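Note sheet for the following structure.
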Amino acid sequence: MPVRFPHPEPVRPARPKVFPVFLPLAGCPGRCLYCNQPAQTGQAPVALADVLARARADILARPEADGPVELAYYGGTFTALPSPWPERFLDLAAELRTLGRVCRVRCSTRPDAVTPALLASLRARGLDLIELGVQSFSDAALAASRRGYDGATALAACRMVRAAGLGLGVQLLPGMPGMEGPQGLKAFARDIATVTGLAPESAPELVRLYPCLVLEGTELAGLWRAGSFTPWTLPDTVDALARALRSLWAAGIPAARLGLAEQAGLAVLAGPRHPAIGQMARARALLLHVRGLLAALPAPASTLYVPKRWQGEVLGQGNALRAEYAGLGLRAAAWGEAEFGLG
Ligand code: SF4
């Protein structure tokens, strides 16, 4: 009888569809070295009044039968928007919540743009979750990227968000300036250890990992052209993401996103870009998990039984991991069970 085991990724509770409303660079203290929000989101900066009106119209235009959405204000520093804009955006969410069109509200912001008083007031106005653009907890990486805060500030902000009764999302930028080469890979592993080491009352609900790319139109593009910045390679990045995933999964934290969403017009000059980078990392994370399970089995196994729904993913892009499974003495076999098996 094969030894059965579930996929190690935590089962995510059913959530409503996220409806993003982009506020590119709104509220940001400047433009970060690597950031080109207009290209990343495919949205040019527009007047906030127009964003507000458009969001209202677009949500009301959705068929009611599709159910309420989670409204997400992304692309800028929401908590640093000049008053009364945070209030106006949250009041819109409250109005749409009353109409049954919105059931949850989140925003993204920077770790140095939150205070307990501000978070309490936003929570009272209906905000449910904050995604913090932490990028890293490494003082060296934060300084090299000129983020303007240190690791202690980032960690305190995570705790502050949860202490305010809000859900927390953590966004990291592995391979950012100051996180290059083998030392950078270690710094990213420490970032993941910091996230997974947060006490349950401060733990995030989700993590997003955006490996650093060199985008046209950024200051980083100039540094890269001058030879002053070297992005991570794709293999190093996939391996680092896989190890990160394995740790996050073990801590019960899902990774909501791996890599930037592909946008028409997003000019990537260099860096670990691949449309299937998330799938590649997930497949490798599963391989690492299987390797760990094999070592604990009382007798060697020769077959990895793969549930049908996972067949497309387990061996990786172009069956790239087949040889690695073979190196563990395993061949992959399809089966109709819900769980994986080793036998
Ligand atoms: S990285 Fe975040 S804080 Fe920096 S400019 Fe872009 S959106 Fe603003």
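The values are calculated or read from the model by the stated rules, or taken from the named source; none is laboratory data. Source: prediction; values computed, not measured. Cβ: placed from backbone, ideal geometry, glycine included. Neighbour counts: every protein chain shown. Side chains are part of the model used for accessible areas, which takes the heavy atoms of the whole protein and leaves out ligands, DNA and RNA. Shrake-Rupley method; radii C 1.70, N 1.55, O 1.52, S 1.80 Å.
Quick check: with the 1.4 Å probe, what order do Asp58, Asp50 take by accessible area, largest first?
Working: Asp58 60, Asp50 95 Å².
Ranked list, largest accessible area first: Asp50, Asp58.
So between Arg4 and Ala94, what do we pick up on full extension, going 0.36 nm a residue minus the alpha carbon distance?
Values: separation 90, 0.36 × 90 = 32.40 nm, distance 4.61 nm.
Gain in length upon complete extension: 27.8 nm.
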| message | Could you sort Asp191, Asp66 by their accessible area in this structure, using a 1.4 Å probe and putting the largest first? | response | Asp66, Asp191
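Output the relative contact order of the chain, whole-number percent, from Cα pairs under 8 angstrom with separation of 6+ residues. It would help to have the intermediate numbers written out before the result.
Numbers: 618 pairs, mean separation 58.2, N = 343.
Value for the chain: 17 percent.
Percent antiparallel among DSSP beta bridges with both residues in the chain, to the nearest 5? Please report the intermediate quantities before stating the final value.
Values: 7 of 38 bridges.
For the chain, the DSSP antiparallel bridge percentage is about 20.
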| Is the shape of the stretch 297-342 rounded, prolate or oblate, going by the alpha carbon gyration tensor and its root eigenvalues a ≥ b ≥ c, with a/c under 1.5 for rounded and a/b larger than b/c for prolate? | oblate
| query | How about the chain: what cysteines have no other cysteine beta carbon under 4.7 Å from their own? | reply | Cys28, Cys103, Cys107, Cys158, Cys212
| said: Could you check the spin-label model distance between Arg331 and Arg125? Points 7 Å from the Cα along Cα→Cβ, value in nm. | reply: 6.3
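Ignoring ligands, DNA and RNA, please state the percent of accessible area on the chain from carbon and sulfur, probe 1.4 Å. Working shown, then result.
Numbers: 8190 of 14990 Å².
Solvent-exposed carbon and sulfur of the chain make up 55 percent of the total.
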| Between Val51, Val314, Val195, which gets the highest mean-square fluctuation from a Gaussian network model of the chain, Cα cutoff 10 Å? | Val51
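Students sometimes get this wrong: rank Val69, Val268 by accessible area, probe 1.4 Å, all chains present, largest first.
Values: Val69 0, Val268 35 Å².
Most to least solvent-accessible, the answer reads Val268, Val69.
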| request: Sort out for me the Cα centre separation of the stretch 1-64 from the stretch 85-158, rounded to whole Å. | output: 13
| Tell me, what HN-Hα J-couplings in whole Hz come from the Karplus equation 6.51 cos²θ - 1.76 cosθ + 1.60 at θ = phi - 60° for each residue of the stretch 127-135, using x for Gly and Pro? | 5, 10, 8, 10, 9, 8, x, 5, 6
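Go through the stretch 94-176 and name the trypsin sites (Lys or Arg not before Pro) that are in a DSSP coil and have 16 or fewer other Cβ atoms within 10 Å of their Cβ.
Arg125, Arg146
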| field | Long-range amide H partners of Glu131 with built H, under 5 Å | value | Cys107, Ser108, Thr109, Gly169
| request: Quick one, can you get me the convex hull of the C-alpha atoms of the stretch 18-286 expressed as volume per residue in Å³? | output: 126
